[in-house]
Every structure is written in C-alpha cells, then in structure tokens.
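I have placed the structure first, in the form of structure tokens, so that the comments after it can refer back to it.
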Amino acid sequence: MGTIRLTTAQAMIKFLNQQYVHIDGEEFPFVEGIFNIFGHGNVLGIGQALEQDSGHLKVIQGKNEQGMAHAAIAYSKQKLRKKIYALTTSSGPGSANLTTAAATALANNIPLLLLPADTYATRQPDPVLQQVEQEHSMAITTNDALKPVSRYWDRVQRPEQLMTSLIRAFEVMTDPAKAGPATVCISQDVEGEAFDFEEEFFQKRVHYIDRKIPSERELNGAAEKIKKSKKPLIVVGGGVKYSEAREALMNFSLQYNIPLAETQAGKSAVEHSFINNLGGLGITGTQAANKAAQEADLVIGIGTRYTDFATSSKTVFNFEKAEFLNLNVSRMQAYKLDAFQVVADARTTLEKLTPKLEGYQSEHGSSIVEKKEEWKKERDRLRSVAFDRNDFDPEIKNHFSQETMNEYADTLETEFPQTNALLTANEAVDEDAVVVCAAGSLPGDLQRLWETNTPNTYHLEYGYSCMGYEISGTLGVKLAEPDKEVYAAVGDGSFLMLHSELVTALQYKEKINILLFDNSGYGCINNLQMDHGSGSYECEFRTAENKVLNIDYARVAEGYGAKVYRANTEEELKAAIADAKKQDCSTLIEMKVLPKTMTDGYEGSWWNLGVAEVAENESIRDAFAFKEKMLETAKKY
Ligand SMILES: Cc1ncc(C[n+]2csc(CCOP(=O)(O)OP(=O)(O)O)c2C)c(N)n1
Ligand SMILES: O=C1C[C@@H](O)[C@H](O)[C@@H](O)C1=O
Ligand SMILES: [Mg+2]
C-alpha cells in the first residue's frame, strides 16, 4: 500500500470517519459527529480539515466547551455507549473548559473523545497567547490539567504520533470495562503539518464489543450464594442498561421472586410498572426499596458502582447479615463490599444463571407488592400537598418559618409545591419522553417519584452530579433520540450556571424542552446546611437588602428565541406542556416553586457529610453526635 500526504488534522478527520463498532452482530460507525468551538489553536488545522472534507461527520458549533462536551456525553450515554460525538477546542481556556466535562464522563464511564489544541511543538513563538508558562517546566500546558480526568491522555507533537495515539484512544473508548474520556491534545502547529501517512491507517477499522462470558466457577459460585439466600435484593445499576439486560433481568426476577432496587444510572433499565421494581435505592430512594435493602441477606449488585447515594453511605443494608454478589464487567467495581465477584457481561450472566437456580424461590412472597403499594400511597400524598398561608407544614420541616414561606409565595407569586409540579409534569409528558437531570433537589424527587414506563427514558447524570449538564445534556439526548420529546428538569441554580447550549439547540432546530423549577436558591444545599444545625447561610438568592430574588427566566429564554410559558399551577403546567408538544422550536416552562417543598429522605436515607466536630452552635454539635452514632452501624470500607 502507498502513502497519502495529509495534514495531521486532515488525517485525524479521515480516521474518525473509518471507525466502526460491532455489537451483537450489528456494525455501524462509532463517531457520529464533532462539536466545535474554533479559536486560533484549531481553526486553521482541524477547522480547515473539516471544511475540506468532514465525511459523514455531523459538524455542530457549540457555545461553551463544557456545555458541548456535556451534550456529547449525554449523546453517548443515551446511545448506551455505542456511538459518540468528538469535540475540538482551542488551546488554553478552550481546553481548560473541558476539565469539568471530562470528569463528568470519567465518573460516569462514558466514552468521550476530546481533541483540544496544544501549544507549539516547535516552541518558536513561545509564549503564545493563552500559554500559561510554568517556570519549572516548558512541557506543562493547560492540557495537563486534563490528565487526572481522562481515562486515556496523549499529546501529539509530531504528525506520525497521531497513528498510535488514536488507535489507543479508540481501544479505550470501546472497552466496556474502561470506557471513559480519551484526550488527544494536538500542538497547534502540528495540526497543519503534512506527512505521508500509510494508506493502511485509514482502512475501515472495526472495534468488536463482545459480551464477556462468565466462567463456570463464577456461575456456580453465584448460584450457590443465591440458593442459600432467603431475602435477596437486586441493585440495578447503569451496567444493566449498557448491557441491554432488561428482559434477562425481568425473567430472572420474576422466576425467583427477587425485588429490584434502582440506582440513578439504572433507573428505566426496567419499567416502573414491572411488578418487582421497587424504585430508587439509598439517600434519594423510596421507602419500598430502602426497606427491602434493610431486610436483604444477599445483595446482587448488577453493573453498579455502589456510590454513597446508592448505599446511603454504607448504611442502607444490614451489613451484619447481608452478603454481596457483584456482576460487573469491571473487576475494580466487582471487588466492592467484599462481594463474590462475577466479572462478566450482565445479560449473558443472567441468561446463564437463570437455569442454574431451578427449584429456588425467595421468601419475599407477597411482601414485594405490599411494599410497592405502601409507596404508591406516599406518592399519592405528595401529589396532593397544598400550600397554606397560615399553617403550612412542608416536606422539609422546621427550616423556614411560615413568615418566610409567605415571603417566597408573595415575591415569586406562587403557591406551587415542587413535588406537585413534578408529578403533574410526569403525567403530562408523553409515555416515551426522556427526562434529563443532574444536580440539585430534582434528582432526589425524580428518583423517588418519576415513573418511567418506556425503557431508557430516565437520563440522570449522577456520577458527578454536575450543575450545567441538564440543558447541555438534553441537547445530546435529542441528537440521540430525534423522534422523542426530551425534557431538561433543571433548578434555577443549574440554569444560571450553564444554559448556553439552549442557543445551539435553537440554532440547529434540535427541539429541547426545559422544565425550570425556580425556588430562588440553591435549595438542596440550603436543606443540607439547615438539616445539620447551621442557619440559612448564602444558599438563598437574596438581594443586599435581604429580599428574595425574582428573575424572569422566561424572558431570558424568549430572548434567545425559545417558546416560553409561565406555569405556577397544575392547570397552567398541563396546558403549557400540551402546547409545548405542538412547537417545532425549543421551549422553556418556568415554574416558580416554593422552597422546602421537594421530597425529604425516607428510612435508610442517611448521608455521611463533613459536619463540624467543634462548633459554637449546639445544633451543629448534635448533628455531629448523630453522625458518630450512624457511623457505628455503617460498614467501615
Ligand atoms: C458544577 C457544580 N457546582 C456545585 C455543585 C454543588 N451543588 C449541588 S446542587 C447545588 C444547588 C442547586 O441549585 P438549583 O439548581 O437551584 O436546585 P435546587 O436544589 O434549588 O432544586 C449546588 C451548588 C454541583 N453539583 N455542581
Ligand atoms: O451536593 C450536592 C447535594 C445533592 O443533593 C445534589 O443533588 C447534588 O447535585 C450535589 O452536588
Ligand atoms: Mg433552586
């Protein structure tokens, strides 16, 4: 084979076009497109290459590097990690803005290809604009900050390095056990440098994503554990979704009467209406799942990382009696909680394990259905909470006086409780609509209350819980699900932090819907501080004169060109959602909701936080003493 003379950037774009994945007998291109924000570091290199020949790649101009990277993460997550968008940014601040998003992808195990520009390989013009200039090393650039948050990181300072570098990046991104951000930084002069690349490098390359099969030892060991258990519980993690194990899991659960508890990443792998699905587990869990967790003598964790939110800081289970069995493609994850480990694909393992348990039946009997019924009553109660100007008892108790609650009601001109608004929205959106969220009080409300009866319609980034993911992520989900209505559930704090990709959505006519829950403050953090004995300090949005801020967010979105609604009652919200469905352009529904009206924790919802060990305030000392008490029952590692 011969060679072909291309710039490094042209070679890279040509290579991206030739990457395919092969999964369960299907083969398709892995890189769908490329987000870009051009600066001097990439416009003449990668920009030129894309303008000349982008191949099949869809080219989308982003508005904020973090935002467009969040959109790429959400696209890949929604596509169950089978496809990606790459990203090109300029050097310096453009690449620094990727750090938060790279960390988000890393924590969530999502493949993401980051292509930030780097400083000059020749160093001739140094220091160039945006070069940080570390005294002790010329070799350090802003891009080094991406090392701790990348699963693979490389710097390309000669054109020919590109070949080995990109092959490694794709190996990492297409490995289910290692999937995460791959960062390939290309010196800005090298982007435009020409080289005689081997034609072979550009041949179609197929990355096979095979299902890892469990060994007989693993299967027999797992079967033995389950047969010995009376009250097993399955923790459904994100791995269940990625492995597309829905049916295998439902068969397994039904046949042996084993309840399911969902993590944020695992929710909607199996629909809410499935008889054994008890919903969210842990700090933001349901009464039903947390009770089953307390009773469990065997916890079968499938594709879960067991974060503190899922385990209530290792207190949701009774560690005196519970044993653990972990099914995970990642050996590191499988090792957690001293579990019996099955390092294999979830679906394959469940399919092979099911026949091995013939004759077994758990002792849960009808208690699973009873727990679910009990939770349904609680959900119905939350649906009918109503504000009262004289004697209101919100879900988050003993924080704000009636006077303060009335102040919010008067300033925001609302009496809408958040739980009511969320449940109304859940009823009003289409059955197959996708909801996207990441931070604030809404992830808790959603995990407990949002019912999803179409698989993969609940999209929570709760590995990093990064404010700003909500709206950016919704754009990514829309790119992945063009035929569905997609909704960002977002608080006012997250909206303020980052909503730039709303403009991108409008610009490219990728319709997204924003459900904005404005309680004028960092509500969940205010709850945390007041729950642990502090006062209300710096978490409400108040003016210098101590007046509650009232911002017209609808007008902001209207300015960008979105269709907007203001909905402060159930009726207004239903009408707004119905009308929003008829629109072709992106929409924003602004709801002013009362603080302290989100859901509170249920049994087993404890969170280990850094409470002050010494403090003047007695209530903080009490909170610290309570933490010490809780730690007595918590597993220590
Ligand atoms: C990027 C980032 N910064 C800070 C935080 C910490 N944090 C988590 S929730 C939150 C407040 C969220 O406020 P809002 O979006 O209004 O939601 P609410 O809790 O009021 O419902 C903060 C500051 C975070 N998760 N992400
Ligand atoms: O600190 C936090 C508290 C959680 O309640 C919230 O959902 C999350 O976004 C967070 O960062
Ligand atoms: Mg808020």
Check your understanding: Val477 is checked against (1) more than 15 Å from ligand 3 (Cβ to nearest atom); (2) of a type in the set (Val, Ile, Thr); (3) open to solvent by 10 Å² or more (accessible area, probe 1.4 Å) and fails just one. What number does that condition carry?
Key -> (3)
Review point. Is the range 540-549 home to any residue that is farther than 22 Å from Tyr408 by Cβ and more than 16 Å from ligand 2 (Cβ to nearest atom)?
Key: no
Study note, to complete from the structure: Cβ pairs under 6 Å, 6+ apart or interchain, first in the range 515-534 and closer than 21 Å to Trp450 by Cα, second more than 8 Å from ligand 1 (Cβ to nearest atom) and in a helix (DSSP H, G or I), ordered by first then second residue, are Leu515/Ala425; Leu516/Tyr553
Review point. Taking the range 263-285 on its own, how many of its residues are more than 21 Å from Phe319 (Cβ to Cβ) and more than 16 Å from ligand 2 (Cβ to nearest atom)?
Key: 12
Revision key, fill the gap. Filtering the range 29-68 down to residues that are within 25 Å of the chain's Cα centre (by Cα), more than 19 Å from Lys478 (Cβ to Cβ) and of a type in the set (Phe, Trp, Tyr) yields Phe30
Check your understanding: Does the range 245-270 hold any residues that are surrounded by fewer than 19 Cβ atoms within 10 Å (Cβ to Cβ) and either within 25 Å of the chain's Cα centre (by Cα) or modelled with pLDDT under 95 (or both), and which are they?
Key -> Glu247
Study note, to complete from the structure: The number of residues in the range 44-72 that are out of contact with any strand residue (DSSP E or B) (no Cβ under 8 Å at 6 or more places or on another chain) and surrounded by 14 or more Cβ atoms within 10 Å (Cβ to Cβ) is 6
**Study point:** Checking Thr633 against (1) of a type outside the set (Phe, Trp, Tyr); (2) out of contact with any Pro (no Cβ under 8 Å at 6 or more places or on another chain); (3) over 16 Å from Phe317 (Cβ atoms), the condition it does not meet
**Key:** (3)
Practice item. Please report, ordered by residue number, the strands (runs of 3 or more DSSP E) entirely within the range 289-384 with at least 2 residues that are open to solvent by less than 20 Å² (accessible area, probe 1.4 Å) and under 27 Å from Glu603 (Cα atoms). Key: 298-302, 323-328
Check your understanding: Scanning for something surrounded by 24 or more Cβ atoms within 10 Å (Cβ to Cβ) and either within 16 Å of ligand 2 (Cβ to nearest atom) or among the hydroxyl-bearing types (Ser, Thr, Tyr) (or both), does the range 573-586 turn up at least one residue?
Key -> yes
Point to revise | Within the range 82-190, helices (runs of 4 or more DSSP H) holding 2 or more residues that are among the β-branched types (Val, Ile, Thr) and open to solvent by 20 Å² or more (accessible area, probe 1.4 Å) | key: 99-108, 161-173
**Study point:** Whichever residue in the range 481-528 is among the aliphatic types (A, V, I, L, M) and more than 16 Å from ligand 1 (Cβ to nearest atom) and, among such residues, is surrounded by the most Cβ atoms within 10 Å (Cβ to Cβ)
**Key:** Val486
Review point. When you look at Tyr20, is it surrounded by fewer than 23 Cβ atoms within 10 Å (Cβ to Cβ), aromatic (Phe, Trp, Tyr) and in contact (Cβ under 8 Å) with a residue 12 or more places away in the chain, yes or no?
Key: yes
**Study point:** Exclusive hit being without any contact (Cβ under 8 Å) to a residue 12 or more places away in the chain, touching a Leu at 6+ places or on another chain (Cβ under 9 Å) and within 24 Å of Met250 (Cβ to Cβ), set Ala334, Ala344, Ala339
**Key:** Ala334
Point to revise | Among (1) assigned to a helix (DSSP H, G or I); (2) within 20 Å of Gln203 (Cα to Cα) - the single one Tyr75 does not satisfy | key: (2)
Practice item. Return a yes/no flag: does the range 534-542 have any residue that is in the same structural domain as Asp483 (by TED's automatic domain parsing), more than 30 Å from Asn617 (Cβ to Cβ) and within 16 Å of ligand 1 (Cβ to nearest atom). Key: no
Check your understanding: Mind checking whether some residue in the range 405-420 is charged (D, E, K, R), farther than 25 Å from Arg542 by Cα and open to solvent by 10 Å² or more (accessible area, probe 1.4 Å)?
Key -> no
Practice item. Go through the range 466-507 and give me each residue that's polar (S, T, N, Q), touching a helix residue (DSSP H, G or I) at 6+ places or on another chain (Cβ under 7 Å) and over 27 Å from Glu431 (Cβ atoms). Key: Ser500, Thr504
Practice item. With respect to Ile234, determine if the residue is open to solvent by 10 Å² or more (accessible area, probe 1.4 Å) and β-branched (Val, Ile, Thr). Key: no
Exercise for review: Kindly indicate whether Ser273 is in a loop (DSSP other than H, G, I, E, B), in contact (Cβ under 8 Å) with a residue 60 or more places away in the chain and more than 30 Å from Arg151 (Cβ to Cβ).
Suggested key: yes
Study note, to complete from the structure: Restricted to the range 481-519 and to residues being closer than 15 Å to Leu460 by Cβ and among the aliphatic types (A, V, I, L, M), the residue nearest to ligand 3 (Cβ to nearest atom) is Val490
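The values are calculated or read from the model by the stated rules, or taken from the named source; none is laboratory data. Everything numeric in this text was worked out from a predicted model, so none of it was measured. For neighbour counting, all protein chains shown are included, and Cβ atoms are generated from backbone atoms with ideal geometry for every residue, glycine included. Remember, those area values only see protein heavy atoms, side chains included, never the ligands or the DNA or RNA. Shrake-Rupley method; radii C 1.70, N 1.55, O 1.52, S 1.80 Å.
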